[in-house]
Structures are given as C-alpha cells and as structure tokens.
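These notes concern the structure reproduced below.
The values are calculated or read from the model by the stated rules, or taken from the named source; none is laboratory data. All figures in this text were calculated on a predicted structure; none of them were measured in a lab. Heads up, the Cβs are rebuilt from the backbone with ideal geometry, glycines too, and the neighbour counts pull from every protein chain shown. Surface areas here come from the heavy atoms of the whole protein model, side chains and all, with no ligands, DNA or RNA. Shrake-Rupley method; radii C 1.70, N 1.55, O 1.52, S 1.80 Å.
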Amino acid sequence: MMKNNSIPWQLAIPPEVFCEKAGIDLYDYYFVPLKRLETHQRARDYFLRTFNHDIGNYVGSGITSYWNATLFGAEVEFKGNNQGAIHKRVLESVDDIRNLIPPTPRDIPNIPRYRCLLDQHDQMVGLVKGTGFTASFGAFGFQGPFTTATILRGSDIMMDIILHPELIKELLEKVVQAQCNVMSFSESEFGLKRTSCGMGDDYAGLISPDMYGEFCYPYMKILYDAYGFESRSLHCETLKRGHHKYLNMLKIDSYDPGVNEDLSIEDILEECPGMFFTYNLFTVRDMVNETPEAIRELCENYIRRGTPGIMTEITVKTPEENIHAFLEVVRKYEPREERNEPHNERPEDFLPKD
C-alpha cells in the first residue's frame, strides 16, 4: 500500500510518567492539588526540553479509569506509587442488581469520591492563577456500560449473561441512567454542553460478537445518540473480527484498538472501511524493550500498511532514545495544518470543550 503523506499521531503520557519526570509521588499527584500542578509544570518543562514536545497547560481533576463504578459504591484504592484500582466488588449476588439505585444529578456531589474531586478542583482554580495553566474539572467522560457492569459484578457476569440475561440488562440500564445523570450534573455545574462522546470499554470484547450486539451495542447507542452530535470515539483493547460491525452501526468516527494482538491493521481496514483509527506500538513490548531502530521500522511498517493514524502510550522507564525514534518518524508524516499536543488524560477520558 502507498504511504499516506498525512498521518495524525499521538504520544499518550499517563500521570505516572508525569510523576516520574517531576519526582513526585503518584499518591500526592491525586490528592494534593499543589503537587498536581507542580507535576504538570515540571513534566511540561521536561518534555519540551528533551523532545520539543508540548504536553499542554491543562490540569484536570484526577478522575481515574473505571470511575463510573464508584457511582454505585465501588471504591478506588491507591497504594504506594501505583495507579488507583477498584478493590470492592459491589454486587456479590446477581439478585443485588434489583436493589441498585442510580444516583440522581443532585446526589452526585454527595458521593465521597466526587466531593473530594470537586473540592480539589476549587483549590486548583486558585492555584493556577498567574501560572499560565488552565484548571478544568476534566474527565466526566463515558465508560462502556458493559465495562462498568463487569467491574460492579466481577467475572461472574460472564455466566450471568447466560443464566440471568434480564437482570444483566436491568444492570446495564441503571449504569446508563447513572452516566446520563452525571452528564446532567456536570453540564449544570460547569456550564458545559456535551457535543461529543468518547468511550472507554476494555471489557466489552471479552464476549462474542452476538452477545456484544445484545449486551453492549444497545446501551452504548443510548449514550452516543444522546451526546455524540459532533464526534464519536471508542477505545477498546479487546475487540476482535466480528465485533466491528457494531462500530459502523454506532457511527464511530475515531477508534483506538490499543495494544491488541488479536487485530491487525488489515483487519480494521477491512471491517471498518473509511473509519479513522490509530494503530498502536505496544507500551512495553515495543517502547520499553525494543531498540530505536526497531521502533523506527515499526512506525514505517504501520504507515506503509495503511494505518490512518498512529500512536503509543508510554510508561515509566521508557528509554528516551525510543521516544525520540517514535517522534522522528511520526513527525515526518504530521499533517501540516495541525500540531499534535496530546492532553494529559487518556483519550477515552477527555472532556471536550465548547
């Protein structure tokens, strides 16, 4: 396939890498607003100085992945210098679904996790004055309803969808209602009107395409149709051939398959004709463990094979020379009319601004 002379790219940089470069603990990043601002200031200086790459001046509030489950009582636990993780399964029995109540928009600020984040945001608004940085509450984004349901119920959901399908559909309906209520709250609280819908849904591809059509597609469609007026994006690292027809039905216009060994560029081109997607260099396998020469060849190979976009997410201890190698290649194909400056949240967590 001929090379495309215009390839959008992204270098995704998670908070743990910002903290590594700033010399600040991840726990402080999430719980001490001043430390969070210092982290972004130092990390921005580092990436400009080392790679001539601007990570931007946006400082969000620190919502982590899988946050939607905390709306129903799941707890995020931070240990040491590690990302927060859900450690409490809410639904011990499938029958517990009947008693699950979605929080109303009025309930949202009283949920402990959100009260903490809202208070931190208020502090950050004051801290950024005169710094050149912008404080935004950030990622009141979307998570795939099936992914949230899986976090709430655990791996038992894989059997529940066979033995108790109607109860799982009730759970999915409640998850969607909670997400809509969060959007209502955020629109009222921050004066934002959602016109785009980006969704992270890493558990969805663990079920078959037929099951995806029954337990994922209808509930995702509600959210995309309600909020995806201008754009619709999806990040899912588990989809396989056969799942993609639903992306076309959902009118997804930007798809990130993440680090997915089950999908090739050719698979996506065939099953999602005309859809923009980013093909990823793997975070550890490639960016940490390969040589700069191998990184350059991988990038050129993906572009030759026709990927419309290319990205990678780095982690701590990624060799600088490998990041240089990635940037060296992708900058050759960068669209002339734009400069890629990735924000500091994961793609599926980004809150678009009017």
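Separation between the Asn52 and Leu163 pseudo-spin-labels, each 7 Å from Cα along Cα→Cβ, expressed in nm?
Computed distance between label sites Asn52 and Leu163 equals 6.1 nm.
Express the accessible area of region 11-152 per residue in Å², computed with a 1.4 Å probe while the remaining protein chains stay in the model. Display every interim value, and only then the final one.
Details: 5800 Å² over 142 residues.
Accessible area per residue: 41 Å².
Can you list residues from other chains, or at least 5 along the same chain, whose modelled amide H is less than 5 Å from the amide H of His53?
Residues meeting the amide H criterion: Leu48.
Based on the Cα gyration tensor of region 72-135, what are the three equivalent ellipsoid semi-axes, each the root of five times an eigenvalue, rounded to whole Å and given largest first? Each step should come with its number before you reach the end.
Values: eigenvalues 202, 61, 10 Å².
After scaling each eigenvalue by five and taking roots: 32, 17, 7 Å.
Relative to the compact globular guide of 2.2 N^0.38 Å, what is the alpha carbon radius of gyration of region 74-180, as a ratio?
Details: Rg = 17.1 Å, N = 107, 2.2 N^0.38 = 13.0 Å.
Scaled against compact globular proteins, the figure is 1.32.
If you place +1 on the Cβ of every Lys and Arg and -1 on the Cβ of every Asp and Glu, how big does the dipole about the Cα centre of region 249-291 come out, in debye to the nearest 20? Please report the intermediate quantities before stating the final value.
Working: 2 positive and 10 negative charges, 38 e Å.
That gives region 249-291 a dipole magnitude of about 180 debye.
State the extension gain, in nm to one decimal, for the chain segment bounded by Asp96 and Asn82, taking 0.36 nm per residue of separation less the distance between their alpha-carbons. Write out the running numbers ahead of the final one.
On the way: separation 14, 0.36 × 14 = 5.04 nm, distance 3.09 nm.
Contour length minus the Cα-Cα distance gives 1.9 nm.
Once you place label points 7 Å from the Cα toward the Cβ at Glu334 and Lys221, how far apart are they in nm?
Inter-label distance under the simple model: 4.1 nm.
Once you have all Cα-Cα distances for the chain, histogram them in 10 Å bins from zero and send the whole-percent values.
Bins of 10 Å from zero give 5, 24, 33, 27, 10, 1 percent of pairs.
Largest first, please: the extent of the C-alpha atoms of region 187-329 along each principal axis, to the nearest Å.
For region 187-329, the Cα extents along the three principal axes come out at 45, 39, 25 Å.
Within region 6-38, what residues put their amide N at less than 16 Å from the label point 7 Å along the Cα-to-Cβ vector of Glu300?
Under cut-off, by backbone N: nothing.
If one puts a single equal scatterer on every Cα of region 126-266 and applies the Debye formula without solvent, what log₁₀ I(q)/I(0) results at q = 0.17, 0.19 Å⁻¹?
Values returned for q = 0.17, 0.19 Å⁻¹ are -0.95, -1.13.
Using a Debye calculation, one point per C-alpha and no hydration shell, please list log10 I(q)/I(0) for region 10-108 at q = 0.11, 0.15, 0.21 Å⁻¹ in order.
With one equal scatterer per Cα and no solvent, log10 I(q)/I(0) is -0.46, -0.71, -1.05.
Over the chain, with every protein chain in place, what whole percent of the accessible area is carbon and sulfur at 1.4 Å, could you tell me? The partial results should precede the final answer.
Values: 7590 of 15180 Å².
The nonpolar share, carbon plus sulfur, comes to 50 percent.
Just list whichever of Lys193/Lys221; Lys129/Lys193; Lys221/Lys245; Lys129/Lys317 have alpha carbons separated by over 23 Å in the model shown. Intermediate values should be presented prior to the final figure.
Working: Lys193/Lys221 19 Å; Lys129/Lys193 25 Å; Lys221/Lys245 13 Å; Lys129/Lys317 33 Å.
Where the Cα-Cα span goes over 23 Å, the pairs concerned are Lys129/Lys193; Lys129/Lys317.
Round to a whole angstrom and tell me the spacing of the C-alpha centers of region 19-82 and region 207-240.
28
Calculate the dipole size of the chain relative to its Cα centre from +1 charges on Lys and Arg beta carbons and -1 charges on Asp and Glu beta carbons; express the result in debye to the nearest 20. Please report the intermediate quantities before stating the final value.
Numbers: 37 positive and 54 negative charges, 142 e Å.
The dipole magnitude comes to about 680 debye.
About the Cα centre of region 1-129, how large is the charge dipole given +1 on each Lys and Arg Cβ and -1 on each Asp and Glu Cβ? Please answer in debye to the nearest 20.
Details: 15 positive and 15 negative charges, 72 e Å.
The calculated dipole for region 1-129 is roughly 340 debye.
Taking the Cα centre of the chain as the origin and placing charges on Cβ (Lys, Arg +1; Asp, Glu -1), which of Ala43, His164, Pro209 is farthest toward the positive end of the dipole?
Positive-most Cα among the choices belongs to Ala43.
Using DSSP to call loops (not H, G, I, E or B), can you name the GluC sites (Glu not before Pro) in region 10-118 whose Cβ has at most 16 other Cβ atoms within 10 angstrom?
Details: sites: Glu16, Glu20, Glu38, Glu75, Glu77, Glu92; in loops: Glu75, Glu92.
Within region 10-118, the qualifying GluC sites (Glu not before Pro) (loop, at most 16 other Cβ atoms within 10 Å) are Glu75, Glu92.
Using Cα positions and a limit of under 16 Å, work out the lysines in reach of Lys332, with same-chain residues fewer than 8 apart set aside.
Lys332 reaches Lys3.
What whole-number value in Å² describes the accessible area per residue of region 257-339 for a 1.4 Å probe? Intermediate values should be presented prior to the final figure.
Working: 3770 Å² over 83 residues.
Here the residues of region 257-339 average 45 Å² of exposed surface.
Go through Asp107, Asp286, Asp262 and list them by solvent-accessible area, largest first, probe radius 1.4 Å.
On the way: Asp107 65, Asp286 5, Asp262 90 Å².
Reading off the accessible areas and sorting them downward yields Asp262, Asp107, Asp286.
Just the accessible area for Arg89, please: 1.4 Å probe, Å², rounded to the nearest 10?
80
Subtracting the Cα-Cα distance from 0.36 nm times the residue separation, let me have the gained length for Glu16 to Asp262 in nm, one decimal. Could the numbers behind the result be given before it?
Values: separation 246, 0.36 × 246 = 88.56 nm, distance 2.71 nm.
Answer, rounded to one decimal: 85.8 nm.
Starting from the exponent 0.38 and prefactor 2.2 Å, build the expected Rg for region 226-276 from its residue count and divide its actual Cα Rg by it.
Details: Rg = 10.7 Å, N = 51, 2.2 N^0.38 = 9.8 Å.
For region 226-276, the normalised Cα radius of gyration comes out at 1.09.
Would you mind getting the accessible area per residue of region 160-228, heavy atoms of the protein chains only, 1.4 Å probe, in Å²? Present the calculation step by step, with values, prior to reporting the outcome.
Numbers: 2570 Å² over 69 residues.
Here the per-residue accessible area is 37 Å².
At 1.4 Å probe size, what's the solvent-accessible area of Leu127? Round to the nearest 10 Å².
60
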